[in-house]
Amino acid sequence: MPLVLRLFGSILLLGFSFLLSGCGGSLRTVPVSGKVTVAGKAFTKGGKIVFYPDSAKGNESTVTATGDLSEQGDYSLMAKEQAGAPAGWYKVTISSQAPSDPKDPYSLPKNFVDVKYGSVSTTPLAIEVKEGQGPEAYKIAIP
């Protein structure tokens, strides 16, 4: 078999293997867990926390990381089905709401945190995810 055909076959096989492996491997994440407090006390209403990559601070990732807030204010993040988040700076949003009328689940929602914390364009919350940080590094304090 001519050298050109063997080389072409090898390139095709390498490309196919690359596609099967998920285009370069798995996402590299850093474990992220912490606590949300409001006015110095654990946030006990539950809800959702989302870390959005902050390109203004150099985080060019397209991966958001999300977590559920426990009734003690604790959270752990997941990004693309992996624990944690890729390293870098993030804008953080927090949303927590319930129907304003407990008897009517379709009533307008009641927010348990100021709505500015629920939008990536208005949240003042920002945090850097880095290797080797403990839960205290990821504590979110809402005044």
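Throughout, read-outs are computed from the coordinates displayed, never taken from laboratory work. Since we're looking at a predicted model, the values are computed, not measured. Cβ: placed from backbone, ideal geometry, glycine included. Neighbour counts: every protein chain shown.
Listed by chain and number, the aspartates and glutamates placed with their C-alpha closer than 15 angstrom to that of K57 are E128; residues fewer than eight positions away on the same chain are left out. Residues whose amide H comes within less than 5 Å of that of A126, counting only those at least five positions distant or on another chain, are V92 (H built at 1.01 Å from N in the peptide plane). Database remark: amide H of A87 closer than 5 angstrom to the amide H of V30 (H placed geometrically; neighbours at sequence offset of 5 or more, or on other chains; Pro and chain starts carry no H). Label sites at E136 and M78, each approximated as a point 7 angstrom past Cα along Cα to Cβ, lie 2.9 nm apart. Highest mean packing first, where packing is the average number of other Cβ atoms within 10 Å per residue, the peptides 83-90, 100-107 line up as 83-90, 100-107. Computed over neighbours whose Cβ is under 15 Å from that of K110, the net charge equals -1, Lys and Arg +1, Asp and Glu -1.
Taking the Cα of A39, stepping 7 Å toward and past its beta carbon, and measuring to each backbone N in region 115-143: which are under 16 Å? Only 115, 141-143 pass the distance filter.
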